[in-house]
Amino acid sequence: MSDRAVSPLAGAESSGFAKVSEAGLRGMITLRGDLADAGFAGAVKAVTGCDVPGRREVVEQGGKGVAWMSPDELLVMVPHAEAEAAVAQLSQALAGSHFLAVNVSDARAVFTIEGAGAREVLAKLAPVDLSPEAFGAGQIRRTRLAQVPAAFWLSGEEVFTLVAFRSVAQYVFDLLTVSAKAGSEVGFLAR
């Protein structure tokens with residue numbers, strides 16, 4: 001058994017009318033507590049440089065980020081090698097308050113969906129209005145991707161980041177690949 005973390009799908013990629021990639025390792029921390037508490041917000045800012053996002057929002061800067069997951073839960077994102085230190089820093093800063101900070105990095109898989117057809121790839125699989133008018137930068141959705149839970153956000157002009165459980169990484173990659181298959185475009189979200 002190795003102590004070295006391994007990416008779920010070794011950077012698998014697929015190209016169709018959009019490019020699908022397994023994005024590799026990313027540090028992810030489930031952080032629960034009172035999102036409105038100033039001490040909680042200060043701890044998040046100290047670790048990530050980001051403010052606590054609003055409902056269904058995500059904030060990213062400098063390789064770190066914070067995503068709203070529920071009224072008392074955030075997904076804190078840092079480089080994979082920094083996850084354990086970030087949990088320790090959060091735990092120290094929030095000591096004495098009601099909170100939970102858990103490193104879930106190795107239990108998650110991260111994907112990117114890129115290109116002009118990225119919205120359509122996800123729209124075929126998730127019950128979310130992905131029109132540019134309804135879903136823009138800085139928004140996140142927790143939903144189902146076919147039969148599995150996932151969360152995704154627009155992380156660039158035509159780039160989505162998607163997080164799912166590592167145990168279904170191959171299934172999610174295959175879903176995205178089939179959805180992005182050249183010739184299967186629906187064209188409903190075409191610009």
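Every number here is computed from the coordinates shown, using simple stated rules; none is lab data. Please read all numbers here as calculations on a predicted model, not as lab measurements. Cβ atoms come from the backbone with ideal geometry, glycine included; neighbour counts cover every protein chain shown.
From the list A118, A134, which residue is free of Cβ contacts under 8 Å to residues at least 12 places away in the same chain and of a type in the set (G, A, S)?
On the way: A118 fails: free of Cβ contacts under 8 Å to residues at least 12 places away in the same chain.
The unique qualifying residue is A134.
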Notebook entry, point to check: assigned to a helix (DSSP H, G or I), in contact (Cβ under 8 Å) with a residue 12 or more places away in the chain and not charged (D, E, K, R): does that describe L35?
Noted result: no
Item checked: G54, sole failed condition from (1) over 17 Å from the mean Cα position of the chain (by Cα); (2) exposed (fewer than 15 other Cβ atoms within 10 Å of the Cβ); (3) touching a residue at least 12 places away in the same chain (Cβ under 8 Å) -> (1)
Note to self: Take the conditions farther than 17 Å from Q170 by Cβ, in contact with a His (Cβ under 7 Å, 6 or more places away or on another chain) and surrounded by fewer than 16 Cβ atoms within 10 Å (Cβ to Cβ) and apply them to A38. Does it pass?
What the structure shows: no
Note to self: It is to be established whether one or more residues within region 131-154 are among the polar types (S, T, N, Q) and within 20 Å of E13 (Cα to Cα).
What the structure shows: no
Next item on the list: Scan region 45-61 for residues that are assigned to a loop (DSSP other than H, G, I, E, B) and closer than 15 Å to G27 by Cβ and jot them down.
Entry: G49, C50
